[in-house]
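A.B. asks: Provided herewith is a single structure, encoded as structure tokens, for subsequent inquiry.
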Amino acid sequence: MISYFSFKLLKNNSFRTICCLIGILSISLGTLTYGQAADSPLKNLHQSHPRLLLLSGEEQDILKSFNRNPDWKNLHLAILAECDQLNDVSPVERIKIGRRLLDKSREALRRIFQLSYAYRTTGEVKYLQRAEKEMLAIAAFEDWNPTHFLDVAEMTMAMAIGYDWLFDQLSDDSKMKIRTAIIEKGINPSFDDKYNGFLKAHHNWNQVCNAGMTFGALAIAENEPELAASVISRAVKSIPLAMKTSYEPDGAYPEGFSYWGYGTSFNVLFNSAVEKALGTDFGLSAAPGFLKTAGFMENIVGTTGMAHNWGDSGLNEGLSPAMFWFAEKTNDASLLWSQKEYLKKIEKNAVKNRLLPAALIWGAKINTKAIKAPKSLLWYGQGPNPVAFMRSSWTDKNAIFVGFKTGSPSVNHAHMDVGSFVIDALGERWAMDFGSQNYNSLETAGVDLWNRSQKSQRWEVFRLNNMAHNTLTFGNQLQDVKGYAQIDAVSAKAEKLFAVSDLTELYKGEILSAKRGISILNKTAVLIQDEIKANANATTLRWNWLTGADVKIIDDKTVELSKNGKKMRLKLEVSSDFKIKEWSTKPTHSYDAENPGTQFVGIEVALPANESVTIKALLSENSAQIPATKLSDWK
């Protein structure tokens, strides 16, 4: 059965796309009735609209939750207020920033998702009309920028939600225009090899793009069943590539905090959408490490409310709808300990979250008043970028938090930060990470940003190499891109939380061995201990600490850090001659971002050939005693 869509492909598209069409048609061989083939992913498709995320009538469950939990009502009212503000705002325009249309796609998703939610929960026609106006404007775009396919994926998801959720109220003409745009500007380009590299990707692009295409396919499935079946079958085969790399074995997401919020949220949207519309998530939620990854996201946020922002990450993203899905799936409300705080005080910028209605879809049944703090003070995970997070308390705002990052610079969005750490105490961050620099600012300057080879210009960017992180540098050399370190030992005992990692592979040819351990001692101090052995070549060791605090060198072994009227002392003990130094964080290139209010403090040590050195640094309020134990005794 060749549909109008199939005819247009045969008439207008390339030989490559025709080959894709043969695969599409083969899925439905043996049946003339849409959705009935035994092996078709559409065999149990929910026949009517809406079918994405929230079926007809299920919005009533959300509204009923307001009586039990005013937090949800406040979130609901915030969405309605934002939608009212949109009435006087022009629809999204096709204006690119550099090579990306992504900010417009994200704004379209935010608007259409929230407006559609507002209409479904209130029945007020103004929200329907405003969403329709937005979708028709987007449908008229010349394209959705397939050369940067994330843009297409998010735009397709936006249009799919609006089309599906408002289906019965949209005019036939509007439905035709929106549906045609979803197919021709969203799904069709995903069958072109120039644009569909995401299908083989092992990172967030795979998750986001497959989710966007699947939302589009589910929305128009009754009109283009062969196309929809092909898109969904393809996604079910492709997404495990990213899930394996991103979550096995323990759920530690290798691209860090911000990209967890991106890739994982869209993975959850995919799982939730197919489960609701097709009655199955194809076993994807049971993938190794996937349900454990909510622990990664919860524990990566420190006691200051800021995340451990290693790699290309930011510090804070507020409410995470995906965390409510994980809490419901695992029946573990303690995963929402931090989310509860965000929900209690819905701020103006909360409505800037383009996935916000999903928090109500997945979380309205959860009684947020009953959420209790997690029990464990330590969380760690292996994988491509192993991490350990530890804290002295979940309930004390002044508690100590340590994030310790190992892994490899070769991972997508990684920096040369293996062995680095951040530290919170007294409600302040004392050891920090710069996080990411705006990509467009580097791309427009001609920086070869996405090449991760050893000699790439990427590593000349100030914020990205090891000299700008809380780690070790030998002879001013870069860490080895192919090097890898894991978490080798941990302790979850409250009196001595710790993690240890062998960093040797990051410094091949420079030293014989390098090991680092980080520990919270008796809930009052943080110890960083490094044990290093030189090879046959003498070298210079730089031990670095990046801070936003004021730095005062008290004596040859002590540094005082001051911030917002609070003080901590960094006491150093080295088994060799050393000198405490300060370094500027002023960038080295015109394309580098400025780093105001920050500075480096640390030590330099001359490391003779074949000699060993031990460095111990203790951060505390009162210059506590440094333990005499070796890393081999950390058991």
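A.B. asks: With N set to the number of residues, divide the alpha-carbon radius of gyration of the stretch 409-461 by 2.2 N^0.38 Å and report two decimals.
C.D. replies: Its radius of gyration relative to the 2.2 N^0.38 Å reference: 1.39.
A.B. asks: For a quick protection proxy, order the peptides 365-378, 237-250, 515-528 by their average other-Cβ count within 10 Å, most packed first.
C.D. replies: With the highest mean Cβ count within 10 Å placed first, the list reads 515-528, 237-250, 365-378.
A.B. asks: Then there is this: What percent of all Cα-Cα pairs in the stretch 208-259 falls in each 5 Å bin, counting up from 0?
C.D. replies: The calculated distribution, bin by bin, is 4, 19, 22, 17, 14, 11, 8, 4, 0.
A.B. asks: Separate question: Starting at 0 and stepping by 10 Å, how many percent of the alpha carbon pairs of the stretch 461-525 end up in each bin?
C.D. replies: 20, 42, 27, 12
A.B. asks: Each residue of the stretch 78-85 in order: what ³J(HN,Hα) in whole Hz does its phi give by Karplus 6.51 cos²θ - 1.76 cosθ + 1.60, θ = phi - 60°, with x for Gly and Pro?
C.D. replies: 5, 5, 4, 4, 5, 5, 5, 5
A.B. asks: Can you work out the accessible area per residue across the chain, with the rest of the protein chains kept in place, probe 1.4 Å, in square angstrom?
C.D. replies: 38
A.B. asks: Taking each pair of different alpha-carbon atoms in the stretch 263-319 once, compute 1/r for the pair, average those values, and report the inverse of that mean as the Kirkwood hydrodynamic radius in Å to one decimal.
C.D. replies: 13.1
A.B. asks: Quick one: work out Rg over Rh on the C-alpha atoms of the stretch 45-175, Rh as Kirkwood radius.
C.D. replies: With Rh from the inverse mean 1/r over Cα pairs, Rg/Rh is 0.99.
A.B. asks: Could you go through the stretch 565-570 in sequence order and give the Karplus-derived ³J(HN,Hα) for each residue, using 6.51 cos²θ - 1.76 cosθ + 1.60 with θ = phi - 60°, rounded to whole Hz, and x for Gly and Pro?
C.D. replies: So the J values, rounded to whole Hz, are x, 10, 9, 9, 10, 10.
A.B. asks: Starting from the Cα coordinates of the stretch 360-500, work out the convex hull volume and express it per residue in Å³.
C.D. replies: 167
A.B. asks: Still on this structure: Which GluC sites (Glu not before Pro) in the stretch 310-407 sit in a loop by DSSP (not H, G, I, E or B) and have at most 12 other Cβ atoms within 10 Å of their own Cβ?
C.D. replies: E347
A.B. asks: Using heavy-atom solvent-accessible surface (probe 1.4 Å) with all chains present, what is the largest-first order of W394, W205, W459?
C.D. replies: Greatest to least solvent exposure: W205, W394, W459.
A.B. asks: From the convex hull of the Cα coordinates of the stretch 283-426, what is the mean projected area in square nanometres?
C.D. replies: 9.2
A.B. asks: Which semi-axis lengths, in whole Å and largest first, follow from the square roots of five times the eigenvalues of the Cα gyration tensor of the stretch 442-581?
C.D. replies: Rounded to whole Å, the semi-axes are 28, 21, 17.
A.B. asks: Applying a 10 Å radius around every beta-carbon, put 276-285, 213-222 in order of their mean neighbour count, most first.
C.D. replies: Top to bottom by mean Cβ count within 10 Å: 213-222, 276-285.
A.B. asks: Can you give the relative contact order of the stretch 267-420 as a percent, counting alpha carbon pairs under 8 Å and 6+ residues apart?
C.D. replies: It rounds to 22 percent for the stretch 267-420.
A.B. asks: Under the classification rounded if a/c is under 1.5, otherwise prolate if a/b is larger than b/c and oblate if not, where does the stretch 573-635 fall, given a ≥ b ≥ c as square roots of the Cα gyration tensor eigenvalues?
C.D. replies: prolate
A.B. asks: Calculate, axis by axis, the spread of Cα positions in the chain along the three principal axes, and write the results as whole Å, longest axis first.
C.D. replies: If we take the Cα atoms of the chain, the spans are 80, 57, 44 Å.
A.B. asks: Measure off, as a whole percent, the carbon and sulfur share of the 1.4 Å-probe accessible area of the chain, all protein chains present.
C.D. replies: Taking all protein chains in place, the chain shows 50 percent carbon and sulfur surface.
A.B. asks: Related question: Report, in debye and to the nearest 20, how large the dipole of the chain comes out about its Cα centre when Lys and Arg carry +1 and Asp and Glu carry -1 on their Cβ.
C.D. replies: It works out to roughly 640 debye.
A.B. asks: A follow-up question, please. So what is log10(I(q)/I(0)) for the stretch 530-631 at q = 0.11, 0.18, 0.19 1/Å, when the Debye sum runs over its Cα atoms only?
C.D. replies: The calculated log intensity ratios at q = 0.11, 0.18, 0.19 Å⁻¹ are -0.41, -0.93, -0.99.
A.B. asks: What does the net charge come to around E132 if you take all other residues with beta carbon closer than 15 Å to its beta carbon, with K and R at +1 and D and E at -1?
C.D. replies: Summing Lys/Arg as +1 and Asp/Glu as -1 gives +2.
A.B. asks: Over the stretch 150-266, what portion of Cα pair distances is larger than 22 Å, expressed as a whole percent?
C.D. replies: 34
A.B. asks: What's the Kirkwood radius of the stretch 529-590 in Å, using all Cα pairs?
C.D. replies: 14.2
A.B. asks: What is the percent of Cα-Cα separations in the stretch 293-338 that go past 15 Å?
C.D. replies: The answer is 42 percent, as a whole percent.
The values are calculated or read from the model by the stated rules, or taken from the named source; none is laboratory data. No experiment lies behind these values; they were computed from the predicted model shown. Because the Cβ atoms are built from the backbone with ideal geometry, glycine has one as well, and the counts that use them run over all protein chains shown. In case anyone asks, the SASA skips ligands and DNA or RNA and just uses the protein heavy atoms, side chains included. Shrake-Rupley method; radii C 1.70, N 1.55, O 1.52, S 1.80 Å.
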